């Protein structure tokens, strides 16, 4: 089994526009902006032998505010530009009661099974409480990217960082020690 990094999309790999203290997702592929530090960070993680899986809640699909074809274009861009092994999407809203919507660990656990990833030796990087809780429930090491949103964490992460570059440095150091 190999190690992996489960990366949230908005606020970790891409810019998240913040309205009233809450991050919002783009609705068009042309609106999605990959953070400048994301590609070098992903290359460094991949070079260290880590599988790279983006796990993202996209409830705007269920709410009929996001065209699935636009989301697919965004996923293709992410995979091409960042060299991700997979982009996993939960298209549901909270009321749907699925097991893939973060904070539940379904997306992480299923992707780990598909890619032969050892969850206990892997990492989850996210900028919201749902990401950290999902990572914790999947038994990964959790890394919180603090973007200063107006919401509290419900679970303490293993470490708090300022962005994907700092998260990458921390992960590389951590795997070098083990």
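Derivation of every value follows stated rules applied to the coordinates shown; laboratory data play no part. Treat the numbers as computed from the prediction; the structure is a model and nothing was measured. Neighbour counts are summed over all protein chains in view; Cβ atoms, including those assigned to glycine, are modelled from backbone coordinates with ideal geometry.
Per-structure values
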item: Percent of beta bridges antiparallel (DSSP, segment 4-177, rounded to nearest 5); result: 15
item: Sum of -39500 (n - 2.57) over DSSP H runs of 4+, divided by residues of the chain (222 nm, nearest 500); result: -10000 deg cm²/dmol
item: Ranking of 71, 7 by count of other Cβ atoms within 10 Å, fewest first; result: 71, 7
item: Alpha-carbon centroid distance for the pair segment 63-132 / segment 1-53, whole angstrom; result: 11
item: The chain, relative contact order [Cα under 8 Å, separation at least 6], %; result: 25
item: Förster-model FRET efficiency, 22 Å R0, residue 94 and residue 152, C-beta, rounded to 0.05; result: 0.80
item: Per-residue Cβ neighbour rank within 10 angstrom, fewest leading, 124, 14, 168; result: 14, 168, 124
item: Shape call, segment 126-176: gyration tensor on alpha carbons, a/c limit 1.5; result: oblate
item: Likely footprinting exposure, 60, 155, fewest C-beta neighbours within 10 Å first; result: 155, 60
item: Histogram of C-alpha separations across the chain, 5 Å bin width, %; result: 1, 9, 19, 23, 23, 16, 7, 2, 0, 0
